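One structure is given below, encoded as structure tokens.
The values are calculated or read from the model by the stated rules, or taken from the named source; none is laboratory data. Please read all numbers here as calculations on a predicted model, not as lab measurements. Using ideal geometry, Cβ is built from the backbone for each residue, glycine included, and neighbour counts are taken over all protein chains shown. What goes into the accessible areas is simple: the full protein's heavy atoms, side chains included, and nothing from ligands, DNA or RNA. Shrake-Rupley method; radii C 1.70, N 1.55, O 1.52, S 1.80 Å.
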Amino acid sequence: MDPMLESVWATLQATQHVDAATRRAAEHQLATLQQQPGCALSLVRVALEPTIGGAMRQLAAVLLKQHVRVHWSTAAEGHFPPGK
């Protein structure tokens, strides 16, 4: 499996953890991952994977939408190109 996909998948799973500290750490990790090349593609792959539960697929799709809004559109408030 692709290392970025593994990281994104593990981090998405951790965002659903019962422990609040684990969730916060996962949210911080997601912000870090979104700065890396390949994150958007990994989110797409998770969102489209039929063997993954609907809630996780939906989470990946929402994060992808946010990622595109912030990192791809120079007109977006707070635009921040990925990898910079």
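Working note: Cα atoms of the chain, range along each principal axis, descending, whole Å: 35, 29, 22.
Sorting the Cα pairs of the range 11-53 by distance into bins of 10 Å, from 0 upward, gives 28, 46, 25 percent per bin.
Filter the chain for me: DSSP H helices, axial length by Cα at least 15 angstrom, mean Kyte-Doolittle hydropathy not below 0.5. List them by residue number. The answer, listed by residue number, is 3-14.
Here the chain exposes an accessible surface that is 59 percent carbon and sulfur, computed with a 1.4 Å probe and the other protein chains kept in place. Which FRET efficiency value, to the nearest 0.05, is calculated for A21 and Q66 with the Förster distance at 30 angstrom and r the Cβ-Cβ distance? Efficiency computed from Cβ-Cβ geometry: 0.85. Taking the Cα centre of the chain as reference, the dipole from Cβ charges on Lys and Arg (+1) and Asp and Glu (-1) amounts to some 180 debye.
Considering helices alone, the calculated mean residue ellipticity of the chain at 222 nm is -20500 deg cm²/dmol, with DSSP H runs of length four and up weighted by -39500 (n - 2.57) and normalised per residue.
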